[in-house]
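Structure, as structure tokens:
FYI, it's all coordinate maths here, none of it is from the lab. A quick note: this is a predicted structure, and the numbers were derived from the prediction, not measured. Quick reminder, even Gly has a Cβ in these numbers, built from the backbone with ideal geometry, and neighbours come from all protein chains shown.
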Amino acid sequence: MNWRDRITIDPESLVGKPIIKGTRISVEFVVDLLGRGWTFEQILHEYDHLQREDLQACLAHTNDDLAAKV
């Protein structure tokens, strides 16, 4: 999976934070929910316009971002 297919960075949206394309949901928000113990199923139920691949892309983006900082 290439996270770039599902994640975008636009200075005009959420002050340039990476977001899921077609939404105003940030990668940071999704990762925070997962860190608080939410499951993919809970997130997909609460935000029914998202797809499992969107959540996977958020994790892939975060992984790449962290690796770039090392």
Worksheet entry | Distant-in-sequence amide H partners of residue 7 (H built 1.01 Å from N, under 5 Å) | 21
Item to complete: Provide Rg and Dmax in Å for the chain, with only Cα atoms included in the calculation.
Response: 11.6, 35
Response to the item:
Here, residue 59 and residue 44, labelled 7 Å along Cα→Cβ, have an inter-label distance in nm of 1.2
